[in-house]
1. From the list Ala157, Ala168, pick out the single residue that is at pLDDT 85 or above, aliphatic (A, V, I, L, M) and out of contact with any Asp or Glu (no Cβ under 8 Å at 6 or more places or on another chain).
2. When you look at Glu35, is it surrounded by 13 or more Cβ atoms within 10 Å (Cβ to Cβ), part of a helix (DSSP H, G or I) and acidic (Asp, Glu), yes or no?
3. Please state which of the following conditions Leu43 fails to meet, knowing it meets all the rest: (1) in contact with a strand residue (DSSP E or B) (Cβ under 7 Å, 6 or more places away or on another chain); (2) modelled with pLDDT under 80.
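The values are calculated or read from the model by the stated rules, or taken from the named source; none is laboratory data. Bear in mind the structure is a predicted one, so any value in this text is a computation, not a measurement. So basically every Cβ, Gly included, is an ideal-geometry build from the backbone, and we count neighbours across all protein chains shown.
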Amino acid sequence: MSFKKYDGKTITAKGVDSVLNGEGTQRDRLQNAIEATIEHAKLNNNDFTLLSRLVNGLKERRTRNLQALTKYIGEHLTGASWQKLGDGSYGYKTTKGKAVEYKTIEKPWYAHSANKQQVHNFDLSQRLKTLIRDVDAAIKGDKKTQMSKQQLNDAKAQLVNMEQAFEA
């Protein structure tokens, strides 16, 4: 069974698999797959097979943004939840006694969690500063390390570059 994506192309279970295999560098393709699998469920009497396949594939690949993705899906799909299915696997299923409501998707999942990312950016900036201090201490000999002075200086230069890029 296939269905129309927002960009006018069709996607099937094989299409979901191809998105999963290239997810690391293709967040927009992942967004299209999320929208398409939700649209598929909407047009096919709440058939969550492809949406479940997508999320299970992301779980198998230990996608680092899995929580943000599942929260995003949950906010656009009420009356259905992630549950244990009759065959023992997990997937989306209608919540007993609730009508499924499909909310309009206005922005992509990676922009949806932008506020949360800002918090992480602050934490990362602090971590970079701490790493630079640790490398400085190792260069001075205050901390033990198995790295050479040249390796430490190279590491410090890279950390300083990251910090400067981060603050720009």
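1. After applying the criteria, what remains is Ala157.
2. Values: surrounded by 13 or more Cβ atoms within 10 Å (Cβ to Cβ): yes; part of a helix (DSSP H, G or I): yes; acidic (Asp, Glu): yes.
So Glu35 passes the test.
3. (2)
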